[in-house]
There are 4 protein chains.
Amino acid sequence: MTLRFGLLGAGRIGKVHAGAIRNDNNATLVAVADAVPAAAEAIAREHGCDIRSIETIADSPDIDAVVICTPTDTHADLIELFARKGKAVFCEKPIDLSLQRVKDCLKVVEETGAVLMVGFNRRFDPDFMAVKGAIDQGTIGTVEMVTIASRDPGAPPMDYIRRSGGIFRDMTIHDFDMARWLLGEEPETVMAQASVLTDPAIGEAGDYDSVNVILRTASGRQAIITNSRRATYGYDQRIEVLGSRGAVAAENHREANIEIATAQGFTRPPLLNFFMTRYVAAYANEIAAFVRAVREGGSTPTTGEDGLRALALADAALKSVQEGRAVRVSEILA
Amino acid sequence: MTLRFGLLGAGRIGKVHAGAIRNDNNATLVAVADAVPAAAEAIAREHGCDIRSIETIADSPDIDAVVICTPTDTHADLIELFARKGKAVFCEKPIDLSLQRVKDCLKVVEETGAVLMVGFNRRFDPDFMAVKGAIDQGTIGTVEMVTIASRDPGAPPMDYIRRSGGIFRDMTIHDFDMARWLLGEEPETVMAQASVLTDPAIGEAGDYDSVNVILRTASGRQAIITNSRRATYGYDQRIEVLGSRGAVAAENHREANIEIATAQGFTRPPLLNFFMTRYVAAYANEIAAFVRAVREGGSTPTTGEDGLRALALADAALKSVQEGRAVRVSEILA
Amino acid sequence: MTLRFGLLGAGRIGKVHAGAIRNDNNATLVAVADAVPAAAEAIAREHGCDIRSIETIADSPDIDAVVICTPTDTHADLIELFARKGKAVFCEKPIDLSLQRVKDCLKVVEETGAVLMVGFNRRFDPDFMAVKGAIDQGTIGTVEMVTIASRDPGAPPMDYIRRSGGIFRDMTIHDFDMARWLLGEEPETVMAQASVLTDPAIGEAGDYDSVNVILRTASGRQAIITNSRRATYGYDQRIEVLGSRGAVAAENHREANIEIATAQGFTRPPLLNFFMTRYVAAYANEIAAFVRAVREGGSTPTTGEDGLRALALADAALKSVQEGRAVRVSEILA
Amino acid sequence: MTLRFGLLGAGRIGKVHAGAIRNDNNATLVAVADAVPAAAEAIAREHGCDIRSIETIADSPDIDAVVICTPTDTHADLIELFARKGKAVFCEKPIDLSLQRVKDCLKVVEETGAVLMVGFNRRFDPDFMAVKGAIDQGTIGTVEMVTIASRDPGAPPMDYIRRSGGIFRDMTIHDFDMARWLLGEEPETVMAQASVLTDPAIGEAGDYDSVNVILRTASGRQAIITNSRRATYGYDQRIEVLGSRGAVAAENHREANIEIATAQGFTRPPLLNFFMTRYVAAYANEIAAFVRAVREGGSTPTTGEDGLRALALADAALKSVQEGRAVRVSEILA
């Protein structure tokens, strides 16, 4: 059985998923929808698929599943629509910027019994999977401390920042998901600190560009996350896990695996500069995991609950910055 | 214009090229030929192309170019056939095990004016291209010494070894091509030493599994090549170039970019174990370069002359081992 | 002029300083004092110096300076004694576990005009000096974020832990000093989280073994510190500084710079396992810096004020853990 | 028992050995001799030892052993003199540039039963010892191929080059010794290639600056050595050994273990630039090994035979370059 896809949203990330679907032997792209006709046409031309409206896709019997890549404020509505239509749903993170809206949406998903997967692509990166594998095999013993450094090459456009929900909900949310996954235990308290260091305009928009977070679980495991919107040397994505018997770390990816030695020293190229290049394998694995979950009927590896909990950590972090105190996740999720 | 391909030979390397053609927006696979029907059918099914005989492909007006992946002893005949039919020809190395046969074949290519490219895939590896780029930009000054370490994870099957023409013509030939490319000057003399260390059966078949070679150009530039048919830690592929102002080196590719630290030390995974995984980007770039050369009408980046010269170095190396002396390339090519 | 030293305390760290003094052409060890005769004798024998009581050393005209390596609870008294006797004083950290006692002691130092240097050895490590040098040369632009990972191979004996003042005052204090040094600006607020993960006995003694700290300066620069009392792979000491134009990091030191490749992967030896081996060059540089400061009459590179401020950060961190909130350093130092 | 030393030659390497003797608890420097009074005085002042003539040292009952650091052409005579006087002898390499002279000298050593150690310092480098340890423990199985890259930051002064005996006898000789040590089997044949690439004056002096060598043992094990008199990035000293079960390699030493990341990439400092800095631990271990051999009465770890065989390989390499053929060591040693 080949899973037949409708793609909602033909922007940057939509193109990535269209490519991943094409390269997956168990998936096929049937139709694309986008408010901008030219964007939909580009995908249709490259992948030989139909252009349909969202409503038509919802009623198309030749479509089994949708990938939602539309703007964030449409995600929850679309999830509900397609869940009710009996389609399997893959939705880019976040489900919504409002925790209450996410909860309501997930209730619909639960009632309809729909398959829902939220796009936390990093869990599907081969290196991070190898890190998780080492943990699961017991190589480093019991997990104690997780360290995540995640820095973007540069800030997104200001108009994106203004509607992103802030750095914690837009950027750190990936690290919150990674931390939960690697800690193997839910964080109970969140402490965070935030500054504006790279561009005052970010501060004027009410956001931060430089943040640090400490998470703590009931048993005392901890994770620290360090984020910056600017790293001149490329897209910096490192994780490290300390356990009772050792540690495991994933290294960055460079533009090329070469080293030049001169009188000035030994120089290796900067890091890959763009999340799509860095995570190309992750996006492919992610769609494959979704297809597998739908075909085999089990739960998806990154559920609506995962989306909810990562968002709750983001909200708790923001509250911690604002109130200068450790915030319990239960305050947020209650 | 999309270049329309016929694929001759549907074995392991044939599949690699079929995949590269599919992923190239300027190329399409029209037909495949293979003496083994099941092999041809597998390719035809996966890529939606025809199955035709070699003769039919030669006469097909809807085919512009062929990729020759048949057994080595058919290469020269097929090159001549398709050159005469006006097709552009991409041929896996080597053109032939006999230097005289290669020369005769190249004469036909020259007379017909056909486009010919020989498959020295490593020149298209992104890391090695970055090494060459650093040289060409003058970053390391004038090239002086090239060091190439090339080791296979394990020896090929004995029946392959028996008809491979020996380690110099089968394995070192890639390094000879790399050395020529990186030295920027033709080697004039060859010194080589060879042993059987990994499996006596290789020696019984008249071949070696462990060889070292020194090449020297007219101006005194040198290259050393070290080869083994066995490296337990994976497919070892390193180059390093020393110049008057510095050095540049390409590192190996691992199964994953992680490191595990325990009381026993810090461990990173073994190297990618298979040439197709290691050189997946190189094979894609190689076909793209061939397509570009055909479309733009220039010469190919790896010509028949390159095939001839690499083979001459292999013959000189073997002669050096047998006679215990420095062999001049002019003795071989005369 | 050779600086003539008296050594107070002939234990583990006393021996390190005795060795550093011997290897310094501008320093000589005149006498040692220790409550344990055998310890003093061992030093006297190895270095050919006298054994004297602390009181005698205080009155010895042939002694210019003392190195205080006695138990922590004697430090402040000894500093005051020797400051009043006109000796230059090098004292191991901390000056005292009580902030008030430190303040009183520094007042005496100020009144006497004595030279005082506090032993924050890490600032004198060649790698960390190179990191600081890169910052000072502007290579990474304006400092934004500092990351310090500092993990001991194993916890000290429980009786040491009980009188150590706790992990923040005993272990993290080094990192607080490093953070201040690298941030180039005083931290204003401290957030910290702490757990007991490696040994319940540590918790029973009222201490923690696993802590994370976030520091924030007035301009918004931040530092994160991650500590554990257990790292099976050795003494883990890493710093990384992110700036507006780049980043700089110092790597760990291994037992040997070799790598073994097998079918299981590529393995490098564990880290140096002991702070004295790891920081042997730092201890030598530290004494040399003290000698230079005394000879040249300038201020010492690590002053009593540095000792005070690092301790204040430790106290703030502990308070942050206890009260679950961001603690302002001004609350502590006021 | 403390071994009482006389030092012959107070130049650069003499100072290194004087320092190593001072730091060795089982050794003491009693006297120094040098044709240049100021040089001897400097050592005498720093180490508090006597200045004596060579003849006086030879007859001094309070001297057990000598370290010979005089010019090469005096080595053999001095070895013979001190062997006859019953002193233990440590002599810098080479014993002599003439193989016959070395043989005659070793005969005297044998007749007198004197202890002789030749200064192949690299065998005592902790990293290289760790490499050898891994081999001896069987970690990499049976040794098959050794690769040695050895490059100086820059050529020595021309007047040194003129009397050095040429690059093979002066520089490669260290690598020949390493190769013998790591191969675990005597090389039988030598192939070498040589050029002048860094400075024509070296060629005018009849020497080379860029050489490659292949050694082969009876069982087929091979070693390759690549040398250059110029490496802008520092003193390049790498060894790698491939065995049936894996490989082991030693890495270079840098000026500092830091890395700077900017938009231009990730840069680590150049290598340590000077053999004395790079091999400071090796020189200390070397003297300690000599002292141990004298005290314990066993054979030295680097014997006169080792000096002879390394020189024979150098002579064979030069002959191989001159005659363009594989030279058997037996032709040289016969």
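Overview of results
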| read-out | value |
| --- | --- |
| Relative contact order, percent, the range C:8-114 [alpha-carbon distance under 8 Å, six or more residues apart] | 23 percent |
| HN-Hα J in Hz across the range A:204-219 - Karplus 6.51, -1.76, 1.60, θ = phi - 60°, x for Gly and Pro | 5, 7, x, 10, 10, 10, 9, 9, 10, 9, 10, 10, 9, 8, 4, 7 |
| Nonlocal amide H pairs with residue D:197, under 5 Å, H built at 1.01 Å | D:209, D:210 |
| Compactness of the range B:142-241 as Cα Rg over 2.2 N^0.38 Å, two decimals | 1.09 |
| Solvent-accessible area, 1.4 Å probe, carbon plus sulfur percent, for the range C:79-222 | 48 percent |
| HN-Hα J in Hz across the range A:99-114 - Karplus 6.51, -1.76, 1.60, θ = phi - 60°, x for Gly and Pro | 4, 5, 4, 4, 4, 4, 4, 5, 5, 4, 4, 5, 4, 7, x, 5 |
| Mean projection area, nm², convex hull over Cα of chain D | 18.8 nm² |
| For the axis carrying chain A to chain D: nearest C-beta residue of A, whole Å | A:267, 2 |
| Using a 7 Å Cα-to-Cβ projection, residue C:141 label spacings across copies, nm, ascending | 3.4, 4.1, 5.1 |
| q = 0.06, 0.08 Å⁻¹: log10 I(q)/I(0) that the Debye formula gives for the protein assembly as shown, counting C-alpha atoms only | -0.65, -1.10 |
| Average projection area in nm² (convex hull over Cα atoms of the range C:83-138, one quarter of hull surface) | 5.2 nm² |
| Estimated buried accessible area (total), pair A and D, 1.4 Å, Å² to nearest 100 | 1200 Å² |
| Acute angle (nearest 10 degrees) that the helix B:37-47 long axis makes with the longest principal axis of chain B, alpha-carbon atoms | 90 degrees |
| Quotient of C-alpha Rg and 2.2 N^0.38 Å, computed over the range A:145-190 | 1.34 |
| Counting DSSP beta bridges with both ends in chain C, the antiparallel % (nearest 5) | 55 percent |
| Leading residue at positive end of dipole, the range A:3-114 (Cβ point charges), from A:51, A:68, A:23 | A:23 |
| Within the range D:129-168: Cβ-based charge dipole about Cα centre, in debye rounded to nearest 20 (Lys, Arg +1; Asp, Glu -1) | 180 debye |
| Relative contact order of chain B, pairs being alpha-carbon contacts under 8 Å that are 6 or more residues apart, as % | 19 percent |
| For the range C:61-210: relative contact order, % (alpha-carbon pairs under 8 angstrom, 6 or more apart) | 17 percent |
| Nonlocal amide H pairs with residue A:254, under 5 Å, H built at 1.01 Å | A:272 |
| Dipole moment magnitude, nearest 20 debye, the range A:3-114 about Cα centre, only Lys, Arg, Asp, Glu C-beta charged | 220 debye |
| DSSP beta bridges in the protein assembly as shown [antiparallel fraction, %, rounded to 5] | 60 percent |
| Reduction of at least 30 Å² in accessible surface, 1.4 Å probe, comparing all protein chains with the chain by itself, residues of the range C:168-207 | C:191, C:193, C:195, C:197 |
| Sites residue A:330 and residue A:53 - FRET efficiency at Förster radius 30 Å, r taken between beta-carbons, to 0.05 | 0.10 |
| Copy-to-copy label separations for residue B:295, where each label sits 7 Å from Cα toward Cβ, in nm and ascending | 3.4, 7.1, 7.6 |
| 1.4 Å probe, heavy atoms, protein only - residues of the range D:83-130 losing at least 20 Å² accessible area vs chain alone | D:127, D:130 |
| Label spacing, shortest first and in nm, from residue C:163 to its equivalents in the remaining copies (7 angstrom along Cα→Cβ) | 6.5, 6.6, 8.3 |
| Local electrostatic count at residue D:313 - Lys and Arg +1, Asp and Glu -1, tallied over other residues with Cβ under 14 Å | -3 |
| Drop in accessible area of at least 30 Å² in the complex versus isolated chain, residues of the range D:218-234, 1.4 Å probe | D:222, D:224, D:226, D:230, D:232, D:233 |
| Only Lys, Arg (+1) and Asp, Glu (-1) charged, at Cβ; the protein assembly as shown dipole about Cα centre in debye | 0 debye |
| Whole-Hz ³J(HN,Hα) from phi, Karplus 6.51 cos²θ - 1.76 cosθ + 1.60, for the range A:286-293, glycine and proline x | 5, 5, 4, 5, 5, 4, 4, 4 |
| Distant-in-sequence amide H partners of residue A:246 (H built 1.01 Å from N, under 5 Å) | C:232 |
| Given B:15/B:132; D:15/D:93; C:87/C:107; A:15/A:107, the pairs whose alpha carbons are separated by over 18 Å | B:15/B:132; A:15/A:107 |
| Whole-Å distance, taken between Cα centres, linking the range C:95-121 and the range B:262-334 | 68 Å |
| Antiparallel %, DSSP beta bridges [both residues in the range B:1-116], to 5 | 0 percent |
| Quarter of Cα convex hull surface for the range B:3-114, i.e. mean projection, nm² | 6.3 nm² |
| Centre separation in Å (Cα based) which lies between the range A:24-93 and the range D:205-260 | 58 Å |
| Label-point separation in nm, residue A:45 to residue D:276, each point 7 Å along Cα→Cβ | 7.1 nm |
| Solvent-accessible heavy-atom area per residue, rounded to whole Å², over the protein assembly as shown at 1.4 Å | 36 Å² |
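The values are calculated or read from the model by the stated rules, or taken from the named source; none is laboratory data. None of these values were measured; they are calculated from a predicted model. Because the Cβ atoms are built from the backbone with ideal geometry, glycine has one as well, and the counts that use them run over all protein chains shown. Side chains included, ligands, DNA and RNA excluded: accessible areas come from the protein's heavy atoms. Shrake-Rupley method; radii C 1.70, N 1.55, O 1.52, S 1.80 Å.
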